[in-house]
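Asks: One structure is given below, represented as structure tokens, and several questions about it will come after.
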Amino acid sequence: MGFSTIAIHAGNEPDPATGAVSVPIYQTSTYAQEAVGVHKGYEYARTQNPTRAALEKNISALENAKFGYAFASGMSATDAVLKLVKAGDHVILGDNTYGGTFRLFNRVLSNYGVEFDLVDTTEISNLEQAFKPNTKMVFVETPTNPIMSVTDLQAVSDVSHAHGAKVVCDNTFMSPYLQRPIDFGVDIVVHSTTKYLNGHSDSVGGFVALNDEKDAEWIQFIQNSVGAILSPMDSFLVLRGTKTLAVRMEAHDKNGRQVANFLVEHPKIQKVYYPGLTSHPQYELAKKQQKGFGGMVAFETGSLDNAKKVLERVKLCTLGESLGGVESLISHPASMTHASVPVDKREKLGITDGLVRISVGIEDIEDILEDLDQALSYS
Ligand SMILES: *Cc1c(COP(=O)(O)O)cnc(C)c1O
């Protein structure tokens, strides 16, 4: 079956009680039992909820995974995955992950004896050198936020598996429509559904998809034990969002390419970060493992002053954190999404004070380009 058919039908069977075509929001905390121990598979809503179960079926099918679990946020999904490692274990973390992921390692997990090293995984030789006898997991994000570096998922999987480590990929920037990490040997996929999967900037959520039965059992156990579950209402919203994922991602990708090409030609812009540009260092790799290049574009204005001017002058693009919604959002990574990353590390990565990131929406491209053009016409 094709991607859109799966997106529209997986988990979306008509409601058995009423025939409702759209999965209802089962807004309940508990379920009536016919007799002691006799029930319909639902006991208590932290453990099981039909709306959440429908979404879990849906997204795991889209990621080509047997199992999937929906969480209250992308961060709680990542946190659940990291409960597969224990005190004394070592994790290799891509050096340009989402700021919140770095913060989770640096400020939280480090208190519990989990060791980690930051590695630039765009070079596989760097990864090969980073393994220790106690390395249990390699956690990557590709393309990265906001510099859009691309990591070879097949190569990372091969090298990590040879060292007995599991591979986790944060697939938020691509969505399963543009990239399916499991097809390249990745063991576990995490998502912030807040972004493209929901796609309408009206819900916060996270997801874990995987094939290993034993790990899946543990993730489900953590989901129930810790209780950072996705609510019925949010499950409904994301389930509605994924129905149009393919058409939205096609539109984001088309607009993203045009915005990147416009910025490359603009005299005030010094550098554009977008994997769809032939000048991008991993353009060929991106073409190989992605179905498109997506809607995330970052660009260098040269100074904090210039970045501020652009961010203050835009009218259509909304200044705000987050990404992946139908509306174009523009942000300043150094002071917003990456404020928790130490300054020296930020500069090493290229997250300068002059860097601006845009999540290109699916408005008419002429309007987006006109807005950027007028925003960049500062003196
Ligand atoms: C937003 C984001 C997260 C965190 O997700 P939340 O839903 O905000 O908790 C993780 N990874 C990436 C790449 C993100 O963009």
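Asks: Filter region 117-164 down to residues that are surrounded by fewer than 23 Cβ atoms within 10 Å (Cβ to Cβ), at pLDDT 95 or above and among the aliphatic types (A, V, I, L, M), then give me how many there are.
Replies: Result for region 117-164: 8.
Asks: Only one of (1) among the charged types (D, E, K, R); (2) in contact with a strand residue (DSSP E or B) (Cβ under 7 Å, 6 or more places away or on another chain); (3) surrounded by fewer than 16 Cβ atoms within 10 Å (Cβ to Cβ) is not met by Glu366, so which one is it?
Replies: In the conditions (1) among the charged types (D, E, K, R); (2) in contact with a strand residue (DSSP E or B) (Cβ under 7 Å, 6 or more places away or on another chain); (3) surrounded by fewer than 16 Cβ atoms within 10 Å (Cβ to Cβ), Glu366 misses (2) alone.
Asks: Could you tell me whether Glu141 is charged (D, E, K, R), touching a residue at least 24 places away in the same chain (Cβ under 8 Å) and outside the structural domain of Glu321 (by TED's automatic domain parsing)?
Replies: yes
Asks: Among the residues in region 223-245, are any crowded, with 24+ Cβ neighbours inside 10 Å and in a loop (DSSP other than H, G, I, E, B)?
Replies: Within region 223-245, one or more residues are crowded, with 24+ Cβ neighbours inside 10 Å and in a loop (DSSP other than H, G, I, E, B).
Asks: From Val190, Val204, Val168, Val186, which residue is within 14 Å of the ligand (Cβ to nearest atom) and in a loop (DSSP other than H, G, I, E, B)?
Replies: Answer to the check: Val204.
Asks: Let me ask something additional. So which residues in region 246-277 are farther than 15 Å from Gly294 by Cα and surrounded by fewer than 22 Cβ atoms within 10 Å (Cβ to Cβ), if there are any at all?
Replies: Phe262, Val264, Glu265, His266, Pro267, Lys268, Ile269, Gln270, Lys271
Asks: Scanning for something among the hydroxyl-bearing types (Ser, Thr, Tyr), over 31 Å from the mean Cα position of the chain (by Cα) and buried (at least 16 other Cβ atoms within 10 Å of the Cβ), does region 23-36 turn up at least one residue?
Replies: Looking for residues that are among the hydroxyl-bearing types (Ser, Thr, Tyr), over 31 Å from the mean Cα position of the chain (by Cα) and buried (at least 16 other Cβ atoms within 10 Å of the Cβ), one finds at least one in region 23-36, hence yes.
Asks: Additional query: Restricting the search to region 327-338, which residues are of a type outside the set (Asp, Glu) and either touching a Pro at 6+ places or on another chain (Cβ under 7 Å) or surrounded by 14 or more Cβ atoms within 10 Å (Cβ to Cβ) (or both)?
Replies: Ser328, Leu329, Ile330, Ser331, His332, Pro333, Ala334, Met336, Thr337, His338
Asks: For Val114, state whether it is under 14 Å from Ile188 (Cβ atoms), β-branched (Val, Ile, Thr), more than 13 Å from the ligand (Cβ to nearest atom) and in contact (Cβ under 8 Å) with a residue 24 or more places away in the chain.
Replies: no
The values are calculated or read from the model by the stated rules, or taken from the named source; none is laboratory data. Just so it is clear, the structure is predicted and the values come from calculations on it, not from any experiment. Ideal geometry is used to build each Cβ from the backbone, glycine not excepted, and the neighbour counts take in all protein chains shown.
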